[in-house]
Amino acid sequence: MFSAAPLEATSKPELYLELAEQARGLLHGERDRIANAANFAALVYHALPDLNWAGFYFFDGNELVVGPFQGQPACIRIALGAGVCGTAAATRQTQVVRDVNAFPGHIACDSASRSEIVVPLYDGERLIGVWDVDSPRLARFDADDRAGMERLAGIFVDSLRAA
Ligand code: SME
């Protein structure tokens, strides 16, 4: 059984490197999207400080639909281009939002959320969905979080196509 070793990182980049290692181990040998998404969300949610939501929205061919997550119940469907999630999916760019109240069109699911990062998940040209993480702390996510979350999201996408 997988058990997450305590993370000993002294810097944020180091923390993400260790977390990436754990994520690779956790998803290794399994391709099921729901299983991997659920375990991935649980791993990240419990490993990083100051989060109140961490999870997936998957593209159903028309819009984004909530997938496995940790945190309070969330909005179910988000149109492409809407909110932070729909913007990440439509632009293919990670969205780092230091103040959700200042983001035009932000969709409030948990009123505790103050900042947010959303990484688009693409397998080549195919939109899979987005990886969305919220914090109750203003400006919780910086460039190190962007790099770390993009690395982690890549491990999730890779796990779906591994032989
Ligand atoms: N805030 C997101 C909606 C999803 S929740 O944060 C879980 C958005 O604006 O797309």
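The values are calculated or read from the model by the stated rules, or taken from the named source; none is laboratory data. Bear in mind that the values here come from a model prediction, so they are computed numbers and not experimental data. Every residue, glycine as well, gets a Cβ built from its backbone with ideal geometry; the counts of neighbours run over all protein chains shown. Side chains are part of the model used for accessible areas, which takes the heavy atoms of the whole protein and leaves out ligands, DNA and RNA. Shrake-Rupley method; radii C 1.70, N 1.55, O 1.52, S 1.80 Å.
List of remarks:
- On inspection, L43 does not qualify as over 15 Å from A153 (Cα atoms) and surrounded by 15 or more Cβ atoms within 10 Å (Cβ to Cβ).
- Whichever residue in the range 88-113 is in a loop (DSSP other than H, G, I, E, B) and of a type in the set (S, T, N, Q) and, among such residues, is modelled with the lowest pLDDT: S111
- Candidate set from the range 112-145 (those that are open to solvent by 10 Å² or more (accessible area, probe 1.4 Å) and aromatic (F, W, Y)); member that is nearest to E18 (Cα to Cα): F141
- Meets criteria (over 15 Å from the mean Cα position of the chain (by Cα), under 19 Å from P120 (Cα atoms) and among the hydrophobic types (A, V, I, L, M, F, W, C)) for I34: no
- Within the range 5-40, the residues that satisfy the criterion of being assigned to a loop (DSSP other than H, G, I, E, B) and open to solvent by less than 60 Å² (accessible area, probe 1.4 Å) are A5, L7, A9, S11.
- Check on I107, open to solvent by less than 50 Å² (accessible area, probe 1.4 Å), near the ligand (Cβ under 7 Å from one of its atoms) and in contact with a helix residue (DSSP H, G or I) (Cβ under 6 Å, 6 or more places away or on another chain): no
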